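The values are calculated or read from the model by the stated rules, or taken from the named source; none is laboratory data. Here the structure is a predicted model, which means the values were calculated and not measured. Here Cβ is always computed from backbone atoms with ideal geometry, including for glycine, and neighbour counts include all displayed protein chains.
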Amino acid sequence: MKDKQIEKLIKAEQARQKKAINLIASENYVSKDVLDALGSELTNKYAEGYPGKRYYGGNSVVDKVENLAAERALELFGLSPEEWHVNTQALSGSPANLAVYVALLEKGDKVMGMSLDQGGHLTHGHKVSATGKFWTQVPYGVSKDSETLDYENLRDIALREMPKMIIAGFTAYPRMIDWKRFRDIADACGAYLMVDMSHIAGLVAGGAYPSPFLYADIVTTTTHKTLRGPRGALIFAKKDARELNKKIDKAVFPGLQGGPHMNQTAAIAVALKEAASPAFKKYARQVIKNAQALAAELKKLGWRIISGGTDSHLILVDVASQGIGGKEASDALEAAGIIVNKNAIPFDARPPVDPSGIRLGTAGETTRGAKEKDMIALARKIDRALRRK
Ligand SMILES: *Cc1c(COP(=O)(O)O)cnc(C)c1O
């Protein structure tokens, strides 16, 4: 690289990533092929519009790239192109979610989404997000005793508030989600059911976590978390008389974006092919086994795990129950070479800047080959680093 300043920083980040034990639940490590596609000349091309309907010339090659990405996305999740459409152009998870709001809702409509402090994402209607400024969030959360979803309560809220859309799929919820119960609740109040499977998409792709496609009208996902692709997003829309697919495409372009990032689309296509391999199925199962081993060992060492365990790649630990703040815990772990994020726990009594919990995820370390025994050793290392406080 001629730019020595940036080259030095890239090298420094490569070294940092190599050295750190990474338990950030939303991160992963992509393959060399994904990096090669991202760093390719496809980044030079303007391709406003969709395959076969572009506003610029010279798109014969990138049309094939986008079609291939879409084909692979549908195939990976077992969807037929007659029943489902996928848009591959949204630049990341948040713009993908915003596109769904723009496509299906009128300004001010009610959207039922999990509150941020209970495990929802900003884009599920939080007030600091555009989704909370232009639409009205009907918040829901978990039950206080079990720290899991209470579907009866969700149904009561939905029937009282009659939202236009319900969002299921979260950022900090470790447990299995009952997609069918969400479908029943959405039907009871005539709402669209949008599933945001950003965190768990790789687990769904690998057959290790229930698929939402039997029940949802719309499914959004990032491509860079458990799915192990480049940063990016996919929006799946059910094809029927409501023409959700056409509305989604229009909302993404020209509604919210200009030209798609074709290097990113190519890299997504690469990751989708990788995720369809038998090795990825094994990976997805191992991610969950590792999270369960890590949670069990931490529990044995006296740490309170939110909801008592995990069915996914993600664990929430209540560190405040041992007299340590989330920020203090995260800093202590970083000093010991373990990267996590501080995280609110349900009904948190502490402020968001220094909440009661930390969030751990096993997607990244599993990519690097970690197995259950490594997780047990890691739990002990975490315990030692935190107890030293
Ligand atoms: C990560 C995430 C997003 C947002 O993705 P970005 O690419 O960071 O914008 C949206 N929804 C959920 C549930 C997520 O976990």
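Structure data summary
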{"quantity": "Candidate set: segment 53-102, residues that are within 16 Å of the ligand (Cβ to nearest atom) and aliphatic (A, V, I, L, M); chosen: the one surrounded by the fewest Cβ atoms within 10 Å (Cβ to Cβ)", "calculated": "Leu91"}
{"quantity": "Residue in segment 25-37 that is of a type in the set (A, V, I, L, M, F, W, C), within 26 Å of Pro260 (Cβ to Cβ) and either in contact with a helix residue (DSSP H, G or I) (Cβ under 6 Å, 6 or more places away or on another chain) or surrounded by fewer than 11 Cβ atoms within 10 Å (Cβ to Cβ) (or both) present", "calculated": "yes"}
{"quantity": "Cross-chain or 6+ apart pairs with Cβ under 8 Å, segment 64-90 first and free of Cβ contacts under 8 Å to residues at least 40 places away in the same chain and over 19 Å from Pro210 (Cα atoms), then among the acidic types (Asp, Glu) and surrounded by 14 or more Cβ atoms within 10 Å (Cβ to Cβ)", "calculated": "Pro81/Glu71"}
{"quantity": "Pair list, Cβ under 6 Å, 6 or more apart: segment 100-122 residue within 9 Å of Gly141 (Cα to Cα) and hydroxyl-bearing (Ser, Thr, Tyr), other residue in a strand (DSSP E or B) and away from the ligand (no atom under 13 Å from the Cβ)", "calculated": "Ser115/Pro139"}
{"quantity": "Those residues of segment 148-181 which are part of a loop (DSSP other than H, G, I, E, B) and either within 14 Å of the ligand (Cβ to nearest atom) or in the same structural domain as Ser356 (by TED's automatic domain parsing) (or both), in sequence order", "calculated": "Gly169, Phe170, Thr171, Ala172, Tyr173, Pro174, Ile177"}
{"quantity": "Sole residue being outside any helix (DSSP H, G or I), out of contact with any strand residue (DSSP E or B) (no Cβ under 6 Å at 6 or more places or on another chain) and at pLDDT 95 or above, chosen from Leu91, Leu42", "calculated": "Leu91"}
{"quantity": "Breaking point among (1) modelled with pLDDT of 95 or more; (2) within 14 Å of the ligand (Cβ to nearest atom), for Leu116", "calculated": "(1)"}
{"quantity": "Every pair of residues 6+ apart whose Cβ atoms lie under 6 Å, when the first sits in segment 1-23 and is assigned by TED's automatic domain parsing to the domain that holds Asn341 while the second is surrounded by 11 or more Cβ atoms within 10 Å (Cβ to Cβ)", "calculated": "none"}
{"quantity": "Given (1) part of a loop (DSSP other than H, G, I, E, B); (2) more than 21 Å from Val61 (Cα to Cα); (3) within 14 Å of the ligand (Cβ to nearest atom), number of the condition Pro230 does not satisfy", "calculated": "(2)"}
{"quantity": "Residue match in segment 182-194 (condition: surrounded by 20 or more Cβ atoms within 10 Å (Cβ to Cβ), within 30 Å of His261 (Cα to Cα) and away from the ligand (no atom under 16 Å from the Cβ))", "calculated": "yes"}
